[in-house]
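Only one structure is covered here, and it is reproduced in the block below.
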């Protein structure tokens, strides 16, 4: 037997054995580097040659390890560029946060009102799992800048209160699980957690019909976005189901400059509506002011139905009617929305292959009360 040939075969065998033994070790080393942040998400892995030299393994071993990490969803092969590190590699057990980007929040400004309540709700829901939340003010920010903040903060998931297809596309490219919250776009294939506007609009009309009302007006938005279309759709459908119409003069766009004046003229008529559906807090307050200005007693001369989160009810609704009758409102829970958003984000991280899911946060009618904290007023 040729000694030189034997030596070559032995070296090749040892190389294969070394490669086989070190493959799992290299996978673990690279996985740990990604989880610790030493290998940053959003960028590309070093070239195969560099990894081979750095870890003293064959390039075939490197190739196998990269394929394993790609299968795990930590990397994505991009032809001509290499392997991109995905945000899924950011480990929540190591303190990596969830990013919450909100379109109505100014960068660097204090979080207030609904924005703050949403942020706090997400923080409470995430803290029960030991996860931090990174608030990102997205008002006026380009999608690339929003994603850059998520990546630099090592976020492993994004709760997006943003109606922008580009940020969803960029997040998907970066391997960042996304859940849209309190907004919705039927053209986007993404998980959504949303107020059940259609159900709420239906419940508002059902409540009024049960109280004997037949002339019901709409004072609100109609086609200004998903909240308006779903709420109006639910209310209109309920009216039709009860054989009631919505005359053109009974449908008032509260966002228009002449909205309050049109409502004043409508409520001044002898055949005025006996009830007004105003499914936004500002429009409910406007409708109440118009009715009071005409000397109409709310609940006796004209009934109103508003809309509010449970968490905002006292400050945004009841305080406007302090000492008097507080109209019924359709209410929903910010806490429930936050909890479901975190649940969906966790599920999306574990099962990115599953089809998108839409979760509607349920609504119910809170009956009218006499003054802040009074007893419910029963329909007559």
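Under 1.5 on a/c is rounded, so check that first for the chain, then, if it is not, pick prolate when a/b is larger than b/c and oblate when it is not; a ≥ b ≥ c are the square roots of the alpha carbon gyration tensor eigenvalues. Mind dumping the intermediate values first?
Working: a/c = 3.64, a/b = 3.34, b/c = 1.09.
Note, shape of the chain comes out prolate.
Neighbour counts of other C-beta atoms within 10 Å: give me 289, 223, 258, 182 arranged from fewest to most.
Details: 289 14, 223 8, 258 11, 182 23.
The most exposed by this proxy come first: 223, 258, 289, 182.
For a protection proxy built on the mean count of beta-carbon atoms within 10 angstrom, sort 309-316, 74-81 highest first, please.
Working: 309-316: 17.1, 74-81: 13.8.
Result, highest mean Cβ count within 10 Å first: 309-316, 74-81.
Name all residues of the stretch 196-221 having a backbone nitrogen under 15 Å from the label point set 7 Å from the Cα of residue 320 along its Cα→Cβ direction, giving them as ranges.
219-221
Provide 320, 242, 227, 351 in ascending order of the number of other Cβ atoms located within 10 Å of each residue's Cβ, fewest first.
Details: 320 16, 242 12, 227 20, 351 9.
Ascending number of Cβ neighbours within 10 Å: 351, 242, 320, 227.
Under a point spin-label approximation (7 Å from Cα along Cα-to-Cβ), what is the residue 116-residue 81 distance to one decimal in nm?
Result: 4.1 nm between the two label points.
With 10 angstrom as the radius, rank 51, 279 by how many other C-beta atoms surround their C-beta, starting from the fewest. Don't skip to the end; give the middle numbers.
Numbers: 51 21, 279 28.
Taking fewest neighbouring Cβ atoms as first place, the list is 51, 279.
Test of understanding: what is the full-extension gain from residue 172 to residue 358, defined as 0.36 nm times their sequence separation minus their Cα-Cα distance? Don't skip to the answer; put the middle values down first.
Numbers: separation 186, 0.36 × 186 = 66.96 nm, distance 1.77 nm.
Between residue 172 and residue 358, full extension yields an extra 65.2 nm.
Answer rounded, prolate or oblate for the stretch 94-176, using the Cα gyration tensor with square roots of eigenvalues a ≥ b ≥ c: rounded when a/c is under 1.5, else prolate when a/b is larger than b/c, else oblate.
Values: a/c = 1.84, a/b = 1.10, b/c = 1.66.
Cα axes put the stretch 94-176 in the oblate bin.
Quick check on packing: order 104-115, 338-349, 164-175 by the mean number of other C-beta atoms within 10 Å, highest mean leading.
Ranking the peptides 104-115, 338-349, 164-175 by packing returns 338-349, 164-175, 104-115.
Under a point spin-label approximation (7 Å from Cα along Cα-to-Cβ), what is the residue 215-residue 59 distance to one decimal in nm?
About 8.5 nm, to one decimal.
By how many nm would the segment from residue 240 to residue 255 lengthen if fully extended, with 0.36 nm per residue of separation less the alpha-carbon distance? Don't jump to the answer; show the numbers that get you there.
Working: separation 15, 0.36 × 15 = 5.40 nm, distance 2.45 nm.
That pair, residue 240 and residue 255, stretches by 3.0 nm at full extension.
Restricting the count to DSSP beta bridges whose residues both fall in the chain, what percent are antiparallel, rounded to a multiple of 5? Mind dumping the intermediate values first?
On the way: 11 of 45 bridges.
Counting only bridges with both partners in the chain, antiparallel ones make up about 25 percent.
If each of residue 248 and residue 35 carries a label point 7 Å out from its Cα toward its Cβ, how far apart are those two points in nm?
Between residue 248 and residue 35, the label points sit 6.7 nm apart.
What shape does the stretch 289-339 have by the C-alpha gyration tensor, where a ≥ b ≥ c are the square roots of the eigenvalues, rounded means a/c under 1.5, and otherwise prolate means a/b greater than b/c and oblate the rest? Walk me through the numbers on the way to the answer.
Numbers: a/c = 3.49, a/b = 2.46, b/c = 1.42.
In terms of gyration-tensor shape, prolate.
Percent of Cα-Cα pairs per 10 Å bin, from 0 to the last occupied bin, for the stretch 229-341, please list those.
Values per bin, smallest distances first: 13, 43, 34, 9, 1.
Determine the gain in length on full extension of the stretch residue 28-residue 206; use 0.36 nm per residue of separation and subtract their C-alpha separation, reporting nm with one decimal.
Working: separation 178, 0.36 × 178 = 64.08 nm, distance 5.96 nm.
In short, 58.1 nm is gained.
Here, each number is a calculation from the coordinates, and none is a lab measurement. No experiment lies behind these values; they were computed from the predicted model shown. With ideal geometry, Cβ positions are generated from the backbone for all residues, glycine too; neighbour counts draw on all protein chains shown.
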